[in-house]
Amino acid sequence: MKDKIEDKTKELLNKRQWTFGQLQSMGDIVGEFTENIYNGLSAKEKINLVWDVDIEPYFSAQRPFGELMQMMVKYQISETIAVYLKNELMNANVNFNGDDNNEVPKRSVGGKPSKKRTTNEKKDSEE
């Protein structure tokens, strides 16, 4: 089952281009992916995902079984997604603005100084 969740996570991750800012909101991504994957699972798949999971951590309050099961399933999905995303990001190459090179543009800071003007030139109003 975890392979299926990882495959779906990979599909969702590769479906769009991500900014670094979006990737910093890992909780939001995991939550979005969890809802998407949860809604795509059959009832049997959901039960299989939590069948052998210890339920003690989930009993902090009285809950109906359906709510408890949903919470447990989503937690198992989220955990699998988070581990997968962490592993992918540890090996990711970051490409800023689609530029493969790190060249400094000619007119930016660090370029050659202008021959027409010097850096200690007085302003017209100061003469």
Where labels lie 7 Å past Cα in the beta-carbon direction, separation of K4 and M90 in nm:
2.7 nm
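Nearest 0.05, what FRET efficiency do Q22 and E45 give at R0 = 22 Å with Cβ-Cβ as r? It would help to have the intermediate numbers written out before the result.
Details: r = 28 Å, r/R0 = 1.29.
FRET efficiency, Q22 to E45: 0.20.
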Take the eigenvalues of the Cα gyration tensor for the range 2-92, scale each by 5, and report the square roots as semi-axes in whole Å, largest first.
26, 14, 11
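Since every read-out is calculated from the coordinates, none of them should be taken as a lab result. In this text, all values refer to a predicted model and were calculated from it rather than measured experimentally. Using ideal geometry, Cβ is built from the backbone for each residue, glycine included, and neighbour counts are taken over all protein chains shown.
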